[in-house]
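Following: one structure in structure tokens, then a few remarks.
The values are calculated or read from the model by the stated rules, or taken from the named source; none is laboratory data. The structure displayed is predicted, hence computed values, not measured ones. Every residue, glycine among them, receives a Cβ derived from its backbone with ideal geometry; neighbour counts consider all protein chains shown.
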């Protein structure tokens, strides 16, 4: 059992979930754009600091922006390994695609062929899956991992491959006691695959933002706790100086 | 090795219009130009077929070096061997001049680099990718003013085209493109020592303008290299077999005498 009794560091949400979970588990967090799921994902990462190695894979933010968001809430980003998968994918795959498109459209000069450097060999075997799993393979003790978000995988992989990624992460979690959170910012990709991810996860959360008066109020739904449906709950939340807190904002519906 | 079945030939000269003397691309290889009546008709695409160790690449390289010496820009498209290594091997021949490479008269391009730059790494090229490959070769030949081209090997390229009809189409278009640009080309075809044809798929020899066959034969304990011009459109030529010797000064040819004690291929 991992000595870590915080999931998000929100006692009203974390509650007794840890007692109900196996040593290694996979959680998914869904939330539409504007719901605040990326911040909750960072809070999940922050809650692991000091207990286990923390890996944060971002697919849509700049690495500096991720770190700044940590700092803004008083969380130490230096203890989190931030990996920017989108940048790596762009640099190693998409840039090559642009080069190729340019070469095909404009033709090649002799200088581009004689004495030139080929595209790095690694680009040929670059895989988002391998990039993450190789990191996980190097960890031999409990860890905490965030993938924010899995939406990017839907863009570059076949839907079935996305579930395979999730299965592999979960397997690694189960093997060495890891805790992983995959965020899904939009569930419009493929409802069937989303359903599979929900089935696969030990925990499923959804963060919703609803307009109320002149502002949005947020609610965190603990939709699934594997084998413990009685622990599912609905928690009003809001953002304070130290991140997400339980409780509705003043004036919001209870 | 017995010569494979004869590929399609042009109509007998007697049935053709009054003979026109086509411009020749002098190979510069002692003996070969004599066989061909002065050289390969300019713009012809010629298959140089042979099994391993028969001298295909050396013949092709000498063809390019001799051309570059005559001021004809020459291009070697290498699939199977890195240019650097080819040049290193070539430097052991006295006929090779490094200055031809440094002044750009003799250009080596590694096709894998071209594949990489154009994203043509799939195991089987699509029709679009074949089109890109032909267009790129065309652009290189046109831009550089290439008059002699060697593709070593056609077999490697066709391996990734696979379908006979696609290979036929590729070769027809490549031949037309190079001919339009006045570029004479040698395409290396790798065949087995006992293969009964001149190419892997059997369609290549039907498209090309000429076939030069090379093979090894044993005689009195020696392995001799033998060359035969099987087909050459646009010129009368000898079909006799010639023993070739790869010497430091280049490829030398002598009639292959039928006497002796042949020991098979």
Residue B:109 meets each of (1) within 26 Å of residue A:98 (Cα to Cα); (2) away from chain A (no Cβ under 13 Å); (3) modelled with pLDDT of 95 or more with one exception, condition (2)
Listed by first then second residue, the pairs whose first member lies in the stretch B:121-135 and is more than 12 Å from every other protein chain (Cβ to nearest Cβ), whose partner is assigned to a loop (DSSP other than H, G, I, E, B), with beta carbons under 8 Å and at least 6 positions apart or on separate chains, are B:123/B:160; B:124/B:160; B:124/B:161; B:124/B:162; B:125/B:160; B:125/B:161; B:130/B:161
Looking only at the stretch A:88-96, decide whether some residue is over 18 Å from residue A:183 (Cβ atoms), modelled with pLDDT under 95 and under 17 Å from the mean Cα position of the chain (by Cα). yes
Does residue A:93 satisfy the criteria of being surrounded by 14 or more Cβ atoms within 10 Å (Cβ to Cβ) and either part of a loop (DSSP other than H, G, I, E, B) or in contact with a strand residue (DSSP E or B) (Cβ under 7 Å, 6 or more places away or on another chain) (or both)? no
Within the stretch A:53-69, is even one residue in contact with a strand residue (DSSP E or B) (Cβ under 8 Å, 6 or more places away or on another chain), surrounded by 15 or more Cβ atoms within 10 Å (Cβ to Cβ), farther than 16 Å from residue A:147 by Cα and in contact (Cβ under 8 Å) with a residue 60 or more places away in the chain? no
Can you tell me which residues in the stretch B:77-106 are at the interface with another protein chain (Cβ under 9 Å from one of its Cβ atoms) and either touching a strand residue (DSSP E or B) at 6+ places or on another chain (Cβ under 8 Å) or under 20 Å from residue B:251 (Cβ atoms) (or both)? B:83
Filter pass, residue A:83 being within 14 Å of chain B (Cβ to nearest Cβ), under 29 Å from residue B:121 (Cβ atoms) and in contact (Cβ under 8 Å) with a residue 12 or more places away in the chain: no
Might you let me know whether the stretch B:61-75 holds any residue that is within 14 Å of residue B:147 (Cβ to Cβ), within 11 Å of chain A (Cβ to nearest Cβ), within 14 Å of the chain's Cα centre (by Cα) and in contact (Cβ under 8 Å) with a residue 60 or more places away in the chain? yes
How many residues does the stretch A:102-115 hold that are assigned to a helix (DSSP H, G or I) and at the interface with chain B (Cβ under 8 Å from one of its Cβ atoms)? 5
Within the stretch B:90-113, which residues are free of Cβ contacts under 8 Å to residues at least 24 places away in the same chain and under 23 Å from residue B:157 (Cα atoms)? B:113
One residue is enough: does the stretch B:77-91 have a residue meeting the conditions at pLDDT 95 or above, part of a loop (DSSP other than H, G, I, E, B) and within 18 Å of residue A:115 (Cβ to Cβ)? no
Picking from A:237, A:217, A:146, A:165, the residue that is assigned to a strand (DSSP E or B) and under 14 Å from the mean Cα position of the chain (by Cα) would be A:146
Selection over the stretch B:37-60 where residues are over 14 Å from the mean Cα position of the chain (by Cα) and either assigned to a strand (DSSP E or B) or modelled with pLDDT of 95 or more (or both) yields a count of 0
In the stretch B:137-163, residues that are surrounded by fewer than 20 Cβ atoms within 10 Å (Cβ to Cβ), within 14 Å of chain A (Cβ to nearest Cβ) and not in a loop (DSSP other than H, G, I, E, B) total 5
Output for the stretch B:92-102, where each listed residue is out of contact with any helix residue (DSSP H, G or I) (no Cβ under 9 Å at 6 or more places or on another chain) and either surrounded by 15 or more Cβ atoms within 10 Å (Cβ to Cβ) or not in a helix (DSSP H, G or I) (or both): B:92, B:94
